[in-house]
Amino acid sequence: MKKKTFIRMAALLMIPFIVGALMAGCKKSEPDEGETTTYWDPWETTTEPTTTEEPTTDETTEEPEETDATSTKRTTTVSRKPTTKPTTKPTTKPTTKTTTNSILGTIPDNTAKPPTTTTTTTTRTTITTTTTTSYYKVTGLSFNSASKSIALDKGKTYTLGYALTPSNATNKNVRFTSSNSSVASVSSSGGVITAVGAGTATITVTTLDPNADRDYSDTMTVTVAEVAVTGFEIYGNSMLRVGETATLSVRNFKGEGGKTPTNTAVEWKSSDPYCVSVDQNGKLTALNPGACTITATAKDSRGHSVSVSAIATNT
């Protein structure tokens, strides 16, 4: 009887150790309530050792103790010491993962995500526009008129037309000159001819392109036809005392065909210069008493003349 009782008591004493070993196995596979499990974050580089402590669990097992006469309740208390588990925990970014446990429920997962870097690239495009201007140099010049001569009456004007080659030449500047401006004058840039007097003049137009192979030019002969004087009048006092002077003038010239005379110059002459003299400006001088004739003659091919009487007296 005592041997049997001893075996029972030994079996009862082993139960708590067996139960504790089973529970310790469960502890390793599943987290207890209130226990936080930390996982390593591959994004972290700096680590420090931390410890996870398991709370001490006191387990009480009540076992009946049998005796021959009576049964008594015996209480056995088993104490579990905390277990220290070294883990590696990042110090730069603490990470908490969510764990679903059938006993503890859902543990929040606050795992920090790796930082996302957004790179904005601004490209500045510079557009350079190059404008190329072609230069067309002058290669020729000519007057528009097929005839190389024109005839003008005195006082008339005429504009010369000309053409450059090529027509789209870059430098279109030209210069006009006259060989005899007393016959025909010309504006230096506009090519406007003015008939001045009877005769012939040569008008020349010349290019001014510095990039041309040479200066190009063309000529035009201008003939101003003579319009002879057909009439005029002498004005002034021709009656003088000896020693006095006076000046005569000519006016109201008329030309052939009602045109303006080409030349209105006249030549003065006295029939008796000892009595009254006259110079080429029409100035009379009374020298001695008497009478004479003063004549003005047109200086053209026709030679029209007009005469007046001049008288010199002592009183």
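Just to verify a number: FRET efficiency for Ser142 and Ala225, C-beta to C-beta distance, R0 = 25 Å, to 0.05? Efficiency, from the Cβ-Cβ distance: 0.45. Backbone phi angles across the range 275-286, fed through the Karplus curve with coefficients 6.51, -1.76 and 1.60 (θ = phi - 60°), yield HN-Hα couplings of 8, 9, 9, 9, 9, 6, 9, x, 8, 9, 9, 7 Hz in residue order; Gly and Pro are listed as x. The residues packed around Ala195, meaning those with a beta-carbon under 14 Å from its beta-carbon, carry a net charge of +1 if Lys and Arg are +1 and Asp and Glu are -1. The Rg/Rh ratio of the range 172-215, with Rg taken over Cα atoms and Rh as the Kirkwood radius over Cα pairs, comes to 1.09. Counting protein heavy atoms only, the range 168-315 has 45 percent of its accessible area on carbon and sulfur, 1.4 angstrom probe.
What translational D, rounded to a whole number of µm²/s, comes out for the range 169-315 from Stokes-Einstein when the hydrodynamic radius is the Kirkwood one over Cα pairs, at 37 °C and 0.692 mPa s? D = 178 µm²/s.
The values are calculated or read from the model by the stated rules, or taken from the named source; none is laboratory data. Computed from a prediction, not measured in an experiment: that's the story for all the values here. Here Cβ is always computed from backbone atoms with ideal geometry, including for glycine, and neighbour counts include all displayed protein chains. The protein model used for the area step is the full one, side chains on, heavy atoms only, and it has no ligands, DNA or RNA in it. Shrake-Rupley method; radii C 1.70, N 1.55, O 1.52, S 1.80 Å.
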